[in-house]
Amino acid sequence: MKPQIALQLWSIREACGENFYEALQEVKKSGYDGVEFAGYYGKSAAEVKGYLDELDLHVAGSHISHEALQHRLEETLAFEKEMGNTRIVVPHASFQTLEEWLAFISEMEEIANKAAEQGMEFFYHNHAHEFTEIPGHDILDLMVQRTKHIRLEMDLYWLADSGKDVLPWLEQHKERIGLFHMKDMQDSPRESTEIGSGVLPMKDYVQMAKQLALPWLIVEQEAFQRYQPLEATAIDYRNLKAIVEEVYHQ
């Protein structure tokens, strides 16, 4: 089965803030199968589900803050279930000590277990600092070793940016990886750019996604050099779709 392609809506957050429904319309026009949320712009779960049903867009997941899960877990899970989401993703965490990280991991495992009881998967989304913040420790590796319910949404741009050898790292941790963030890298200045315009081996990443039988590839772009976000993310979709077609027909 080929993976579906979603857009992380943080990429087009200004358009979402101006008119959420119209932004989702543009995402559908660009060709995307679905979206990954980063907030709901004041809309209810029923309103969001209505938009998705009307536009025939599916939910790849939703980025939800550590704090929201800490303080409003039942309310948050109820909203996600009503909206049609089954994947909760913590988008970021950062701590100064190993002890703080371990406490966070333990707390997130408890939340992940509660999510699993309601039929939902729980993911952590990486940046680069998890590999560098605590010298001598790979925090994601510790997360895998110390938990059973936390899965990984691997942002391949940030994994590469951290200096890790990406493909061997993915192979080593493949049992826990459930989603990829697909984001290409411009070398100078080092920042994200349209898929196919950067230096990262995107085809190799799609081949790894095939090996892992991932259900979704999620496009994210955070910096824009030549195109506005809606135009850039349409290019991202076309170029990633072409790579997927090539890899899955080999």
Only one of 107, 99, 80 that is surrounded by fewer than 18 Cβ atoms within 10 Å (Cβ to Cβ) and either touching a strand residue (DSSP E or B) at 6+ places or on another chain (Cβ under 8 Å) or in contact (Cβ under 8 Å) with a residue 12 or more places away in the chain (or both): 107
Residue 87, sole failed condition from (1) on the phi < 0 side of the Ramachandran plot; (2) open to solvent by less than 50 Å² (accessible area, probe 1.4 Å); (3) out of contact with any strand residue (DSSP E or B) (no Cβ under 7 Å at 6 or more places or on another chain): (3)
Top-ranked residue in the range 8-39 [being touching a strand residue (DSSP E or B) at 6+ places or on another chain (Cβ under 8 Å) and of a type in the set (Ser, Thr, Tyr); ranked as farthest from residue 88 (Cα to Cα)]: 30
Residues of the range 231-250 satisfying the condition of being over 16 Å from residue 184 (Cα atoms) and part of a helix (DSSP H, G or I): 245, 246, 247, 248
Residues of the range 116-131 that turn out to be in a helix (DSSP H, G or I) and surrounded by fewer than 21 Cβ atoms within 10 Å (Cβ to Cβ), as a count: 4
Helices (runs of 4 or more DSSP H) lying entirely in the range 153-221 (those with 2 or more residues that are crowded, with 22+ Cβ neighbours inside 10 Å): 156-161, 202-212
Single condition residue 112 does not satisfy, out of (1) closer than 22 Å to residue 215 by Cβ; (2) open to solvent by 20 Å² or more (accessible area, probe 1.4 Å): (2)
Residue match in the range 172-189 (condition: out of contact with any Asp or Glu (no Cβ under 8 Å at 6 or more places or on another chain) and in contact (Cβ under 8 Å) with a residue 60 or more places away in the chain): no
Residues located in the range 49-62, provided they are open to solvent by less than 40 Å² (accessible area, probe 1.4 Å) and under 19 Å from residue 218 (Cα atoms): 52, 55, 57, 59, 60, 61, 62
Count of residues meeting criterion [surrounded by fewer than 22 Cβ atoms within 10 Å (Cβ to Cβ), hydrophobic (A, V, I, L, M, F, W, C) and closer than 23 Å to residue 86 by Cβ] in the range 13-36: 1
Positions within the range 139-153 being in contact with an Asp or Glu (Cβ under 7 Å, 6 or more places away or on another chain) and polar (S, T, N, Q), in sequence order: 147
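In the range 226-250, what count of residues is obtained for those that are open to solvent by 10 Å² or more (accessible area, probe 1.4 Å) and farther than 17 Å from residue 10 by Cα?
11
The values are calculated or read from the model by the stated rules, or taken from the named source; none is laboratory data. All values derive from a computational prediction rather than experimental measurement. We place every Cβ from the backbone using ideal geometry, glycine too, and count neighbours over all the protein chains shown. Surface accessibility is based on the protein's heavy atoms, side chains included, excluding ligands, DNA and RNA. Shrake-Rupley method; radii C 1.70, N 1.55, O 1.52, S 1.80 Å.
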